[in-house]
1. Which entries of A:Lys58/B:Lys125; A:Lys125/B:Lys58; B:Lys326/B:Lys388; A:Lys154/A:Lys388 show an alpha-carbon separation above 24 angstrom in the structure shown?
2. With unit charges on the beta carbon (Lys/Arg positive, Asp/Glu negative), name the residue among A:Thr64, A:Gly41, A:Leu94 whose Cα is farthest towards the positive pole of the charge dipole of the range A:31-102.
3. Ignoring ligands, DNA and RNA, what accessible area per residue does the range B:72-214 give at 1.4 Å, in Å²?
4. Based on alpha-carbon centroids, what's the gap between the range A:98-137 and the range A:36-75 in Å, whole number please?
5. Roughly how many percent of the accessible protein surface of chain A is carbon and sulfur, given a 1.4 Å probe and a whole-percent answer?
6. Mind pulling the angle between the C-alpha long axis of helix B:211-233 and the longest principal axis of chain B? Nearest 10 degrees, somewhere in 0 to 90.
7. Run the 1.4 Å probe and let me know the accessible area of A:Ser42, rounded to the nearest 10 Å².
8. How much accessible surface does B:Met316 have with a 1.4 Å probe, in Å² rounded to 10?
Protein chains: 2
Amino acid sequence: MNNFEFYSPTCFVFGKDTETSAGEYVKRFGGSKVLIHYGGGSAVRSGLLDRIKESLSKESIAFTELGGVKPNPRSGLVYEGIDLCKKENVDFILAVGGGSVIDSSKAIAAGAIYDGDFWDFYSGKRVEKALSVGTVLTIAAAGSEGSPDSVITKEEGMLKRGASGDAIRPKFSILNPALTQTLPAYQTAAGITDIMAHLYERYLTNTEEVEVTDRLIEGLLLTMIHEGPRVISDPDNYEARANIMWAGTMAHNNSCGVGRSQDWNSHNIEHELSALYDCAHGAGLAVTMPAVFSYTMSHNVMRFAQAAVRIWGCQMDFAHPEVTAKAGIEAFRNFLISIGMPKNFEELGAKEEDIPKLVDVLLHGNGREGTITGFVTLNEEDCTRIYKLMV
Amino acid sequence: MNNFEFYSPTCFVFGKDTETSAGEYVKRFGGSKVLIHYGGGSAVRSGLLDRIKESLSKESIAFTELGGVKPNPRSGLVYEGIDLCKKENVDFILAVGGGSVIDSSKAIAAGAIYDGDFWDFYSGKRVEKALSVGTVLTIAAAGSEGSPDSVITKEEGMLKRGASGDAIRPKFSILNPALTQTLPAYQTAAGITDIMAHLYERYLTNTEEVEVTDRLIEGLLLTMIHEGPRVISDPDNYEARANIMWAGTMAHNNSCGVGRSQDWNSHNIEHELSALYDCAHGAGLAVTMPAVFSYTMSHNVMRFAQAAVRIWGCQMDFAHPEVTAKAGIEAFRNFLISIGMPKNFEELGAKEEDIPKLVDVLLHGNGREGTITGFVTLNEEDCTRIYKLMV
């Protein structure tokens, strides 16, 4: 196991009706003027925004608001949010939504007290100072509610890039599983896929002797395999939603990823798909992961065999571990299809003829110099072949 | 799943040589005058205390020290520590040791800025304010390095009682697995047992639909089953020590216990044993748990069967689940014996004739009114029969 520091000071407030205590938590963490940041009209129509405003008013906390965050959140709205915060002397950003809203909120929080262009943080500069962020989560997926990370897409060139720093970790995150019950099945499934990706990206490690984190990751994946189909067939199942929601947070607060190298090749390869086609990140991952895993399996067959046996319940073929390894990847692929995720470029809305462009942006955007690295290092030929496997 | 708040702001610093950054972390968390609190001479002889003092001096942090903490830490030394802190204007307690040292440090931290008797906190009053506490952990066991809890024994009546509050959660905990390599095998095994007890006490729940936390607990127990025997047969195995150490922290920071009722009957029943006989807490638990589990198994046979199958790899007897449930308890018992733990009163140094006294203090001490409650509620007859099962 490698040395590490684990610091996850976010206060998680979990359960039914917990959004009505938003004001109390903003106050506890020092906010006095709030920007409520959200996405489309559903937060308004469902009455969620009203409940939150009422909770803020009850604590005499002033607020302003900015809606309109889209999936794969854009830099344009971030600039707008930064201007608004400066104008209104906002000291606390309350994100009401999913990963996109939270990531946009983190970007605004970092940019609002920075003299330069906030995009600097998405070009490699670490976030050291930011306004406080809190969240009311409405979809279990991104894990952004407990992470120090944010991903934003820059309209110019459709560059999708990440920023990181403890300063943008949410001070609190309110997780009410009931708020996720109204999500369309496709979004629920994309969220499940994203959570499983966060686990697999940590599972694919080159660090040896990591039994404890292996077992935690496996436990969370087993949870998703049990609860995923339940929630797809019965969207109002609060208990299944609750188990998925806590698994989603634990999957990405890094308690199961510490002390080990991680992969993130699938995320990097997928980011170009959702940036170009504006598809759901989870849906892109559903197509990307089986291809990446099949292509990189030979790097460590026994790790994939372990996943197959411990996570997917495959019988170990001791004479031919690669058969077991493959069976595990196939089981994962079939699971993703079974919950309604796309299985190839066509179902995703991607085009084979774009592959050279995808590879070019992937390997030469954002200061990269012709490779991406993680579980294995991938060059132009590798990435081209991986995208072709998805066709 | 029940509603819950999860807040674990402790910064964990994990790995080789990490104790040399103690000064840096005291500074980061605002300490300027430190009380170094420790146990016996081994911290001095091994040079650990010197390395820590050097690290504090490097950051120009003043310190004073108080050693002498014994297993099952006593109130006498706590009073001494409180006086010292007041006299020397200490603002930060650095615990260097295991659970006993950390618990003693938390008691001092709470008492040093409280006008009344610190024992109030061990008689039901919640700790709301305390000096900051940091830890350098030397044994993986108690989980006190990431918990808001402390257990102290009052000499008068040998009462062993707990206090709790976010204020006494360590600000940081330095976990260097190498520091645990010099522990005697018995102490290592007692630590392993304590960690497994923290997991089982959470596993035995009456809350339904808790797949995610079940799976996390199972994953951590599987880790202990894999790494425990390795470290007993090869005490210098850093990797096994590292996996156990992180499992120990995760077992007790409550991320795997949220949203569910918990048991803690075994801990309560054991506390009377270590209070009366001054045995190692883990050794007492090794004798207590199989008795408690056998006695309470019928309350929820399927939960014990699940543990047997998922944790101990037993074959499920679908026609007779109670057979599987029993097999799991027996597997646990044999595991504890295999790592060198006592199996009954005699090996522990306890006496059958003391049972009435044990039951009396257990059920009538500390304001209890004749029962203890958790997975099941236990009265005088129940507790008597459980202690008799240990003979």
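1. Pairs exceeding the cut-off: A:Lys58/B:Lys125; A:Lys125/B:Lys58; A:Lys154/A:Lys388.
2. A:Gly41
3. Solvent-accessible surface per residue comes out at 30 Å².
4. One Cα centre to the other: 17 Å.
5. Reported share for carbon and sulfur atoms: 48 percent.
6. The answer is roughly 80 degrees.
7. Counting only protein heavy atoms, the figure is 70 Å².
8. Accessible area, nearest 10 Å²: 50 Å².
The values are calculated or read from the model by the stated rules, or taken from the named source; none is laboratory data. For clarity, every value in this text was computed on a predicted model and none was experimentally measured. Heads up, the Cβs are rebuilt from the backbone with ideal geometry, glycines too, and the neighbour counts pull from every protein chain shown. Side chains are part of the model used for accessible areas, which takes the heavy atoms of the whole protein and leaves out ligands, DNA and RNA. Shrake-Rupley method; radii C 1.70, N 1.55, O 1.52, S 1.80 Å.
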